Amino acid sequence: MTTSRGPSSARVRTDRLWEDVESLLSVDEARERVLAAVGPLPAVRVPLLDALGLVLAQPVVAGHDVPPFTNSAMDGYAVRASDTAGASYDHPVALTVVCEVPAGSRCAVSIGPRQAARIMTGAVLPEGADAVVRFEETDEWEPGTVSGHRRGRAEIRVFRPAKPGENVRLAGEDVAAGQEVLPAGTVLRPACIGVLASLNQRWVTVHRRPRVAILATGNEVIDLGPELLPGQIRNSNNYTLAALVKQCGGEPILLGVVRDDPDEIRSRLRSARGADLILTSGGVSIGDYDLVKHVLQAEGRVELWQVRIKPGKPMAFGWIGGVPMLGLPGNPVAAYVAFLQFGRPAILKMLGYEDWALPTVRARLLAPCENRGQRRHFVRVRLERQGDEYVARPVGEQGSGILSSVAQANGLAVIPEQWNEAPAGAIVDVQLLDPWCVP
Ligand SMILES: Nc1nc2c(c(=O)[nH]1)N[C@H]1C(S)=C(S)[C@@H](COP(=O)(O)OP(=O)(O)OC[C@H]3O[C@@H](n4cnc5c(N)ncnc54)[C@H](O)[C@@H]3O)O[C@H]1N2
Ligand code: MOO
Ligand SMILES: [Mg+2]
């Protein structure tokens with residue numbers, strides 16, 4: 001038994017802390033702290049299509065009406081509605097055809113009483129006309145035939161009264177000139193890109209994408225290329241993380257692999273000075289060569305270390321050279337899960353998003369999941385639709401080094417930290433890994 005004080009007692013205290021899971025930050029607290037450290041990045045102008053998924057930094061005000069002119073919603077005849085009053089199959093109204101208006105051209109004359117213009121969908125409504133009668137409601141169309149038009153006639157008969165405004169699309173009925181059509185903060189989804197195109201916006205002002213530097217650490221970790229020697233392992237983390245960063249709108253900057261050497265780690269991290277966020281993997285646990293958090297502490301500030309999350313517990317977050325840094329655990333699944341819970345929200349906030357939660361559905365577990373460590377456990381599952389509910393089946397081995405089972409999964413079932421076990425049949429939240437391919 002030792003009574004000595006100094007370094008050894010400090011180590012004992014650290015070890016106790018390590019075991020005292022309940023004293024660790026919860027996932028939600030840790031996320032709050034990470035989010036408090038970042039904010040939306042400055043605005044830049046980007047070409048329209050490059051803005052997909054980005055967030056408007058200033059409102060877009062319509063410079064003109066959409067549609068720009070009043071036009072026909074149908075192929076048929078532009079008429080004066082009052083001329084067609086009382087029309088029926090037995091008592092059709094005869095109108096004189098005075099012009100033809102394909103889309104893209106205009107009718108040179110105004111439509112007078114008892115006159116009509118042959119008009120196509122999208123063509124400018126001629127002056128004088130206030131409604132469009134579809135071909136099917138005139139004697140121009142022969143029902144039951146494929147090309148039943150009897151074109152080029154000087155006179156047509158209308159079988160039904162038209163209401164004023166019928167089949168007419170008014171100028172500005174979609175977007176009116178001067179209207180704030182998309183407010184600042186809008187996430188530009190495909191329909192928004194189309195709205196901007198309809199307003200001739202070839203450039204869009206959005207929050208710029210965060211540049212995310214990604215660094216792997218580990219004497220045993222070898223980047224793609226050379227043959228592995230005994231004891232070495234391939235650097236998969238940088239590629240998983242870069243793909244995740246891209247998927248949520250960031251720009252990955254690959255910084256390669258450094259050895260478990262404080263000087264190497266320090267100098268490579270210095271090369272990330274221009275980044276908006278640094279992601280490292282490995283070296284944050286309590287092993288002899290887990291030096292990343294020491295470098296973070298010596299060179300910057302450790303804001304938090306260790307979270308009640310499984311996998312991913314040893315994660316660290318802090319600042320280095322003025323850049324926020326997530327020290328993700330080395331185990332590939334721990335890095336993946338911790339990125340989704342902490343890195344993704346930070347990137348989305350930098351992009352200007354206000355909602356950074358992963359899309360989640362409630363699902364019934366098809367097999368039990370244990371959860372002994374009082375941590376929030378993220379279980380890889382395959383989510384399926386069964387009748388009117390979702391069911392989630394855990395897939396493959398759940399070890400923190402088994403990345404291939406994540407590759408098979410489409411969701412992460414969230415087992416709350418208070419549960420010792422989630423029995424089969426339990427209803428849990430499932431985070432969607434690929435929201436655009438929900439079953
Ligand atoms: N005594 C304890 N040891 C460990 C604990 C603990 O609570 N007490 N926690 C374990 C958990 S949980 C995790 S997660 C890991 C995290 O460790 P580190 O962040 O220090 O990561 P490393 O030790 O550097 O590596 C862990 C593992 O991951 C492999 N790895 C690392 N980088 C990569 C990469 N770029 N690509 C693929 N694989 C990588 C590495 O070879 C190791 O096998 O600590 C546990 N230990
Ligand atoms: O938490 Mo470690 O995060 O299992 O792999
Ligand atoms: Mg380690």
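For this structure, a couple of remarks:
- Qualifying residue in the stretch 395-408 (condition: hydrophobic (A, V, I, L, M, F, W, C) and within 16 Å of ligand 3 (Cβ to nearest atom)): no
- Test for G256: is it within 13 Å of ligand 3 (Cβ to nearest atom), at positive phi, in the same structural domain as V337 (by TED's automatic domain parsing) and touching a residue at least 12 places away in the same chain (Cβ under 8 Å): no
- Criterion applied to L291, L304, L296 was being surrounded by 20 or more Cβ atoms within 10 Å (Cβ to Cβ) and either within 17 Å of P345 (Cβ to Cβ) or within 13 Å of ligand 3 (Cβ to nearest atom) (or both), and the one residue passing it is L291.
- Within the stretch 329-359, being touching a helix residue (DSSP H, G or I) at 6+ places or on another chain (Cβ under 8 Å), within 11 Å of ligand 2 (Cβ to nearest atom) and closer than 14 Å to F378 by Cβ holds for P329, P332, V333, A335, Y336.
- Residues in the stretch 165-191 that are exposed (fewer than 15 other Cβ atoms within 10 Å of the Cβ) and in contact with a Ser or Thr (Cβ under 8 Å, 6 or more places away or on another chain): L170 only.
- Just so you know, in the stretch 235-268 the residues that are among the β-branched types (V, I, T) and in a helix (DSSP H, G or I) include one that is nearest to ligand 1 (Cβ to nearest atom), and it is T240.
- Looking only at the stretch 276-317, and only at residues there that are within 12 Å of A30 (Cβ to Cβ) and part of a strand (DSSP E or B), the one that is nearest to ligand 2 (Cβ to nearest atom): I309
- Some residue of the stretch 190-202 being out of contact with any Lys or Arg (no Cβ under 6 Å at 6 or more places or on another chain) and in a strand (DSSP E or B): no
- Strands (runs of 3 or more DSSP E) lying entirely in the stretch 347-439 (those with 2 or more residues that are touching a residue at least 40 places away in the same chain (Cβ under 8 Å) and surrounded by 17 or more Cβ atoms within 10 Å (Cβ to Cβ)): 360-365, 376-386, 411-415, 427-432
Each row is one residue, and each column tells you yes or no for (1) of a type in the set (V, I, T); (2) within 22 Å of V395 (Cβ to Cβ); (3) within 16 Å of ligand 1 (Cβ to nearest atom).
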position	(1), (2), (3)
G274	no, no, no
D288	no, no, yes
Q297	no, no, yes
V302	yes, no, yes
V307	yes, no, yes
M325	no, no, yes
G330	no, no, yes
R344	no, yes, no
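- Residue count for the stretch 283-321, restricted to those that are of a type in the set (D, E, K, R) and more than 20 Å from E264 (Cα to Cα): 4
- Residue that is nearest to ligand 3 (Cβ to nearest atom), among those in the stretch 203-220 that are outside any loop (DSSP other than H, G, I, E, B) and surrounded by fewer than 23 Cβ atoms within 10 Å (Cβ to Cβ): R211
The values are calculated or read from the model by the stated rules, or taken from the named source; none is laboratory data. These figures come from a predicted structure and were not determined experimentally. With ideal geometry, Cβ positions are generated from the backbone for all residues, glycine too; neighbour counts draw on all protein chains shown.
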